[in-house]
Amino acid sequence: MQINQPSNQIRLTNVSLVRLKKGKKRFEIACYKNKVLEYRSGIETDLDNVLQIPIVFLSVSKGQTAPTQDLAKAFGAKTSVDDIIQEILKKGEMQVGEKERHAQAERIHNEVVDIVAGKLVDPKSKRVYTAGMIEKALEQLSSQGAQHKQEDQGKGTSGTATPTAEGEEGKGKKKELPTWTGVVTTKSAKSQALEAMKALIAWQPIPVSRARMRLRVTCPSNILKQAVKGTAKKAAQEDGEEGEGEKATGTVKDRILSYIEQVETQDTEGQEWEVVGFVEPGAFKGLGEFIGGETKGRGRVEVLDMAVVHEGD
């Protein structure tokens, strides 16, 4: 006996779906696993390596393809199937299985740990921590955050332990401290690494601080002895760290040196003064604003190293 299947039904297995709702219809495309993210990030550019089949579906699981009239109504009669597929790829919601989601979360977790381990150091030795030590510290914060959340839900108040980071005392509401509850797959590793660093610095499960930046500052020597005009702007809270606030008054040179934690070299050649030294990341923006405003664009701040660390045992 012959069984006739509908002509618009196609069966696919082991796929990663991308869905887009448009014109009151939901459209789907079937992609190879892990290829959608590569396409969106620009790593993969060949659609043949991304799509299992270059067809738009109403339901991949049912094998039901999208009728031409539905596509024309939703995307426009003059829009080609290739353009429709690219729009779904770029704007659609990716549906992933549990196994794929776990692999993606693990990959992001490893990236976050690597980024954090490269930017935080022991405040005393200035040496980096191993990825394993950073991972354990983040696990501790994650467990602590979950515990505090349960306590807050039970009590209705935040009776958490006081962290070692500086807080706001006697100024209205208590400043909410950054927390860490683990990675998610909806944010980039870079943004989550920043959140992790803020939480580690605030709670100090291990002694940590941001690795210092190494900068070169150049300035015309004829303005070094000039008095500073007004008060310095409060340094922006760069990368979640407190700025230095108002700097010492005095000459332009005094003010520049007050931003620099440790001077490596200092020299005057011809009409230009140059200093190379180490600066806390939180003071970088304030220094740049001061140089730009006080020298009217004649001075420069050049980053030589974003994060200076000491390697070794």
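Near the amide H of R127, within less than 5 Å, lie the amide hydrogens of D122, H310, all on another chain or at least 5 residues away, with H placed in the peptide plane.
Evaluating 6.51 cos²θ - 1.76 cosθ + 1.60 at θ = phi - 60° for every residue in the stretch 120-129, the Karplus couplings come out as 10, 9, 5, x, 7, 8, 6, 8, 6, 8 Hz, glycine and proline recorded as x.
Working from label points 7 Å from Cα in the Cα-to-Cβ sense, the E274 to K99 distance is 5.8 nm.
For W203, the solvent-accessible surface computed with a 1.4 Å probe is close to 40 Å², ligands and nucleic acids excluded.
Given a 1.4 angstrom probe, I'd like the percentage of the accessible area of the stretch 87-145 that is carbon and sulfur, rounded to a whole number. About 50 percent, which is the carbon plus sulfur part of the accessible surface. Counting only protein heavy atoms and a 1.4 Å probe, the stretch 263-313 has 57 square angstrom of accessible area per residue. In this calculation the C-beta distance from K296 to Q140 is compared with R0 = 45 Å, giving a FRET efficiency of 0.35. Here the Karplus relation 6.51 cos²θ - 1.76 cosθ + 1.60, evaluated at θ = phi - 60°, turns the backbone of the stretch 44-61 into coupling constants of 10, 10, 8, 4, 4, 8, 9, 8, 6, 7, x, 9, 9, 10, 8, 8, 5, 4 Hz, with x for every Gly and Pro. Note that the stretch 18-89 presents 56 Å² accessible area per residue, ligands and nucleic acids not counted, probe 1.4 Å. Cβ-Cβ distance of S191 and S80, R₀ of 30 Å, FRET efficiency by 1/(1 + (r/R0)^6): the value works out to about 0.30. A Förster radius of 25 Å, combined with the Cβ-Cβ distance separating M306 from K33, puts the computed FRET efficiency at roughly 0.10.
The values are calculated or read from the model by the stated rules, or taken from the named source; none is laboratory data. In this text the structure is predicted, and so the values were computed from the model without any measurement. Heads up, the Cβs are rebuilt from the backbone with ideal geometry, glycines too, and the neighbour counts pull from every protein chain shown. Remember, those area values only see protein heavy atoms, side chains included, never the ligands or the DNA or RNA. Shrake-Rupley method; radii C 1.70, N 1.55, O 1.52, S 1.80 Å.
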